[in-house]
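Colleague: The structure's right below; bear with me while I get my questions together.
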Amino acid sequence: VHQYVLGALEKMGLKEEEMTKCQTGGPDGDLGSNEILISKDKTIAIVDGSGVVYDKNGLNRAELVRLATARLTVSNFKTTLLSTSGFLVTMEAKNQKLFDGTIVEDGKDFRNNFHLHPLFTADFFVPCGGRPEAVNMSNIDQFTHVTKDGARKQRFKLIVEGANLFISEDARLILEREGVVLFKDACANKGGVTSSSCEVLAALALNDNEFSTHMSAKDPQHPPAFYEKYAKQVQEKIELNAKREFECLWNEHKQTKIPISTLGNKLSSKINELATSIRSSTLLWDEKEIRNAVLKRAIPPLLIETITLDTLLERVPEAYCRWIFSAQLASDYVYSHGLRTTEFTFMTFVEQFRTQK
């Protein structure tokens, strides 16, 4: 998710450290905590299951890191670290007075609708949690703009969806039409699929003794060196794929002016269709040079160094290996050649793998 944030800010000529951000999904969740820990922006609002914490001057970064590291909700935010333009409203709050004189009658209602509140506006928004279709056609106009100092202004310049389905498909198109740069959930949060598939691959490729030695942590605070290095390589792969997909979508949008959310659907469909086509035939799989070169791009190097590719191919079901092969080859091709390609360019692309060791 964060790779999309960084890529978009760079293209827009903006520095992360100078940007304000709103976030749904708190420091107690996987996406929310990770976004807090790796970001460098000035976060002004976070909404999670426990309530809303807000500070116009920016929430204390050290306190956010403390909560994210301990996986605590925003209700645990130390209010002494808020400025005079900040507040913490928990779910249980009743008739709480905010710094601007507003009275919050019910904390739960305030939390549920804070994404539509005039204070919920910043340079960019990263939903890392929240109710499905929290932004939809019934409230899209209210969400798109806020009235501030008597003037109607755009709520966000950029939205990168970490949470699934926070914004409905038709609402996304309206946001993009209004000038918001938006990357949808299905593109931004693909890392989970890569992480899970690499975890399954290790379980299939290592024998019981190897898995116990390399992947089983007897002490969660001190995992095996192999596990830490493997996780790092998986993360690097996720970041690389995110960068490549971002560049592909950005370039396609620049050339065609088609909404990025629409292009995201097209890109996913093209990769899936090509991968299915590759997988349905043994033509490319049976060519050892091509097969091995592609698999070495797809599989974390540490796994191959530990047991060799030949051993991996013996242990892991062929169907699973062919799924990895087809997905890697299809995504490599689409990311490098875009959405407007031909069968001829694909075969030319495949030829390069014959000479790779």
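The values are calculated or read from the model by the stated rules, or taken from the named source; none is laboratory data. Source: prediction; values computed, not measured. Here the Cβ positions follow ideal geometry from the backbone for every residue, glycine too, while neighbour counts run over all protein chains shown. We work out accessible area using only protein heavy atoms, side chains counted, and drop any ligands, DNA or RNA first. Shrake-Rupley method; radii C 1.70, N 1.55, O 1.52, S 1.80 Å.
Colleague: Residue by residue through segment 282-295, which ³J(HN,Hα) values in whole Hz follow from phi under the Karplus form 6.51 cos²θ - 1.76 cosθ + 1.60 (θ = phi - 60°), with glycine and proline marked x?
Modeller: 8, 3, 7, 4, 6, 8, 4, 4, 5, 4, 5, 5, 5, 5
Colleague: Could you list, in their original order, any pairs among 11/153; 42/266; 153/266; 190/288; 21/229; 11/190 whose Cα atoms are separated by more than 26 Å?
Modeller: Beyond 26 Å: 42/266; 153/266; 190/288; 21/229.
Colleague: Under 14 Å Cα-Cα from residue 232, which aspartates and glutamates qualify once same-chain neighbours fewer than 8 residues away are excluded?
Modeller: 199
Colleague: State the Cα centre-to-centre distance between segment 302-341 and segment 106-165 in whole Å.
Modeller: Computed from Cα coordinates, the inter-centre distance equals 40 Å.
Colleague: Describe numerically, in nm with one decimal, the distance between label points set 7 Å from Cα along Cα→Cβ at residue 235 and at residue 37.
Modeller: Rounded to a tenth, the inter-label distance reads 0.7 nm.
Colleague: Shifting gears a bit: If r is the Cβ-Cβ distance from residue 273 to residue 243 and R0 is 25 Å, what FRET efficiency results, to the nearest 0.05?
Modeller: Approximately 0.60, to the nearest 0.05.
Colleague: What nm value, rounded to one decimal, do you get for the distance between residue 10 and residue 222 when each label is placed 7 Å out toward the C-beta?
Modeller: Going from the residue 10 label point to the residue 222 one covers 3.8 nm.
Colleague: Just the number please: accessible area per residue for the chain, 1.4 Å probe, all protein chains included, in Å². Walk me through the numbers on the way to the answer.
Modeller: Numbers: 17380 Å² over 357 residues.
Here the residues of the chain average 49 Å² of exposed surface.
Colleague: Let me ask something additional. In segment 127-237, carbon and sulfur make up what percent of the accessible area (probe 1.4 Å)?
Modeller: 51 percent
Colleague: Follow-up. Under a GNM of the chain (C-alpha, springs under 10 Å), which listed residue has the highest mean-square fluctuation: 188, 203, 330?
Modeller: Evaluated over the chain, the most mobile residue of the options is 203.
Colleague: Can I ask one more? Amide H of residue 26: which non-local residues (sequence gap of 5 or more, or other chain) have their own amide H closer than 5 Å, using H built in the peptide plane?
Modeller: 49
Colleague: On to the next question. Which FRET efficiency value, to the nearest 0.05, is calculated for residue 207 and residue 266 with the Förster distance at 45 angstrom and r the Cβ-Cβ distance?
Modeller: Taking R0 as 45 Å, the efficiency between residue 207 and residue 266 is 0.60.
Colleague: Mind scanning 15/97; 56/94; 108/157 and naming the pairs with a C-alpha gap bigger than 26 Å?
Modeller: 15/97; 108/157
Colleague: For the chain, what is the relative contact order in percent, using Cα pairs closer than 8 Å and at least 6 residues apart in sequence?
Modeller: 13 percent
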